[in-house]
Amino acid sequence: MRLSNWLLSALLCAAGTVCAVSPSTAEDASYSITIGANKFEPKILNVKAGVKIALTVKNASGASAEFESGELNREKVVAAGSSVVIYIGPLAPGRYPYYDDFNQSNQGEIVAK
């Protein structure tokens, strides 16, 4: 019986329904950007290349926004007045554009050095 309980726990954990494990580690670098009225702040975010990044995206606008980047393979809706954490990387040195899919003129860029 003990083995079957362990197996059930392992399966549920693997499915992500029971275990709440944070993908963040002490080695992750933390950065943040804010979505405002038609702009990202900062518009260009310089980050360290070669490390995993915990990017907090805060939406200070009065409407929902969607952080999206094909180069980063990420898209996340951020409700008005809330924030989300998006894990990316480790990034190779380079430029990674992103935009608000709900307002595509609102664009920014992550630069990994």
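The values are calculated or read from the model by the stated rules, or taken from the named source; none is laboratory data. Predicted model, so just to flag it, every value in this text is computed and none were measured. Here the Cβ is made from the backbone with ideal geometry for all residues, glycine too, and neighbour counts use every protein chain on show.
Just one of the listed residues (Ser61, Ser105, Ser82, Ser69) is hydroxyl-bearing (Ser, Thr, Tyr), buried (at least 17 other Cβ atoms within 10 Å of the Cβ) and either without any contact (Cβ under 8 Å) to a residue 12 or more places away in the chain or farther than 20 Å from Ala29 by Cα (or both), namely Ser61.
The residue of the stretch 52-79 that is farthest from Lys113 (Cα to Cα), among those that are in a strand (DSSP E or B) and among the small types (Gly, Ala, Ser), is Ala65. If you go through the stretch 42-95 and keep only what is of a type in the set (Asp, Glu) and within 12 Å of the chain's Cα centre (by Cα), you end up with Glu66, Glu68, Glu75.
Looking only at residues of the stretch 85-102 that are of a type in the set (A, V, I, L, M, F, W, C) and part of a strand (DSSP E or B), we find that the one that is surrounded by the fewest Cβ atoms within 10 Å (Cβ to Cβ) is Val85. Does any residue of the stretch 13-30 turn out to be modelled with pLDDT under 90, charged (D, E, K, R) and out of contact with any Ser or Thr (no Cβ under 8 Å at 6 or more places or on another chain)? Yes, because at least one residue in the stretch 13-30 is modelled with pLDDT under 90, charged (D, E, K, R) and out of contact with any Ser or Thr (no Cβ under 8 Å at 6 or more places or on another chain).
Could you count how many residues in the stretch 35-51 are charged (D, E, K, R) and either assigned to a strand (DSSP E or B) or farther than 18 Å from Ile88 by Cα (or both)? Counting residues in the stretch 35-51 that are charged (D, E, K, R) and either assigned to a strand (DSSP E or B) or farther than 18 Å from Ile88 by Cα (or both) gives 2. Looking at the stretch 45-52, can you tell me whether even one residue there is of a type in the set (S, T, N, Q), at pLDDT 95 or above and loosely packed, with under 14 Cβ neighbours inside 10 Å? Yes: the stretch 45-52 contains one or more residues that are of a type in the set (S, T, N, Q), at pLDDT 95 or above and loosely packed, with under 14 Cβ neighbours inside 10 Å. Just one of the listed residues (Ile44, Ile86) is of a type in the set (A, V, I, L, M, F, W, C) and under 17 Å from Gln104 (Cα atoms), and it is Ile44.
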